[in-house]
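Right, one structure below, let's go through it.
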């Protein structure tokens, strides 16, 4: 992209890694008044705006979450952590009580489970 900018040969459409769009906004078209932008939720649009203007169209989203075993938390009198530091303390407590604190479950991959913090 830098070479294209320097050579003033910008493409009509470009895919930019999430978070990189602010540094290229000056070279991108303002899409704020385009009717198709109203199809996207405001919360999504806000993550792609620069100075309140739309310069990017979202094309994918990832959703991540943490699940926990309520029975193990209850048995160990553990509260649901609200910060990263609290999560690390919970992991330490669970490990000390001989529980695997965190795992990453994948589907149809060669590695079916990867243990974290062991």
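Each value in this text was obtained by applying a stated rule to the coordinates, not by laboratory testing. The structure presented is a predicted model; accordingly, all values stated were derived computationally and were not measured. Glycine gets a Cβ as well: all are built from the backbone with ideal geometry, and neighbour counts include every protein chain shown.
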Show me the helices (runs of 4 or more DSSP H) entirely contained within region 16-96 in which 1 or more residues are loosely packed, with under 14 Cβ neighbours inside 10 Å and on the phi > 0 side of the Ramachandran plot.
none
So, of the residues in region 1-15 that are loosely packed, with under 13 Cβ neighbours inside 10 Å and closer than 22 Å to residue 61 by Cα, which turns out to be nearest to the chain's Cα centre (by Cα)?
15
